[in-house]
Each structure stands twice: as structure tokens, then as C-alpha cells.
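Structure first, commentary second.
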Amino acid sequence: MAHRAEDLMKVAIVHYHLSPGGVTTVIRRHSEILTSAKIPHVILSSSQTDDLPARTVSGLAYLKESGNLTAELLLNELRSEAESALGGPPDVWHFHNHSLGKNVLIPDIVNRLVENNERVILQIHDLAEDGRPQNYSSIPDKTLLYPISPRVRYAFINTRDQRLFLEAGLPPENSI
């Protein structure tokens, strides 16, 4: 049975950059899998490469102080770019390293999506609390880092991090 494009789940993958390295390799693999499954998706990042379906959102770059840019403005730009690329709003927002402290607005953006009852995947590759104390101290409201909702899932690249989150109180049904 053929699916209509408007019936398919749409995914927005969000990361600070697409520079060569581990997270970009993971994002590239996700894109390949989504493409092979014919799932419409877009990668929102402060940079892009020619081989990925990416849109540039400059506000996603590393940002220690927000200046005139607010979480609301950046989220509006993310929504606009995602909807333009996907032909409608994403069904799932997939953030890589949202809690790393590299962009002070990202935890607030994630929480705004969660408060709007949107589906969110938070893929943890690194933790600011785990060997990057300079990043952790730059996060304005640490209470926003790890939202819990029936529509939020945490994805881990290793069982150690998953175990630590579960031991800290993450409900098992929120861990994938």
C-alpha cells in the first residue's frame, strides 16, 4: 500500500553544526535511514553540507550569551525552516546534545516544545556535567535541562549514560 506524503511522519533533526566529527556522522546515518524509509526530514543546523537535507539556522551556532536573540525568536525560525522544508510542521523534533551548554537558548527551546505537547527526542552524546564544567556553568536555568513528558524520549549512545539517567529518576518508558 502506498502512503501519501502528507500521511508520513515528518522529522526535524536539530544540532549546533554539521562540522566533521562524531555527531555529524550519527546525523548522517539517521538521515540515510530516514531517506531509505521514505520519511521526510530536515536537518536544522548553523552550517550545512551538500550531501544532507539541511537548512541553515544561524542562531543554532555555539552561543554563550543570547544578546538580542531570544528562545522565542530562534524557535520561530526553527519552525519556519522546518515547515518550509517539510511542507508542514514536524511530527518529531530530534535534538542532539541539547543539554551540552553550547547554546544557552536550546534548553528553553526544548522546554517550549515540550510545553506545547510536541514530540521530542533528546539524543545524548555528551553531558555538560560529565567533564565539561565550563559548559554547565553557562546554562542559565539548569532546571530546564531534562524535561519529562509522555511525549519526550531520551536516546543514549551508551548504557552507562542511560543507567545514570534511570538511576536519577528518568522513567524507563522515556528511555530508548
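The values are calculated or read from the model by the stated rules, or taken from the named source; none is laboratory data. Note that the structure is a prediction, hence the values are computed from the model and not measured. Heads up: the accessible areas ignore ligands, DNA and RNA and are worked out on the full protein's heavy atoms, side chains in. Shrake-Rupley method; radii C 1.70, N 1.55, O 1.52, S 1.80 Å.
Where the alpha-carbon atoms of segment 17-63 are placed on the principal axes, they occupy 34, 20, 17 Å, in descending order.
What the Cα convex hull of segment 51-123 gives, in volume per residue, is 96 Å³.
Taken over the chain, the percentage of Cα pairs per 10 Å bin, counting from 0 up to the bin with the maximum distance, is 10, 39, 38, 12, 1, 0. Here LYS10 is the anchor, and the aspartates and glutamates within straight C-alpha reach of less than 16 Å, apart from those fewer than 8 places off in the same chain, are GLU32, GLU81, GLU83, ASP91, GLU118. In the assembled protein chains, SER31 presents an accessible area of approximately 10 Å² (probe radius 1.4 Å). With every protein chain in place and a 1.4 angstrom probe, the accessible-area ranking of ILE39, ILE106, ILE157, largest first, reads ILE157, ILE39, ILE106.
All C-alpha pair distances within segment 1-85, sorted into 5 Å bins from zero, spread as 3, 14, 24, 22, 17, 12, 5, 3, 1, 0, 0 percent across the bins. The largest-to-smallest principal axis extents of the Cα set in segment 89-176 are 34, 28, 18 Å. The value of relative contact order for segment 89-166, using C-alpha pairs under 8 Å at least six residues apart, is 35 percent.
Strictly greater than 17 Å: what percent of every Cα pair in segment 75-116 meets that? The partial results should precede the final answer.
Working: 281 of 861 pairs.
Across segment 75-116, Cα pairs with separations above 17 Å total 33 percent.
Considering only alpha-carbon pairs that sit under 8 angstrom and 6 or more positions apart, the relative contact order computed for segment 1-151 is 22 percent.
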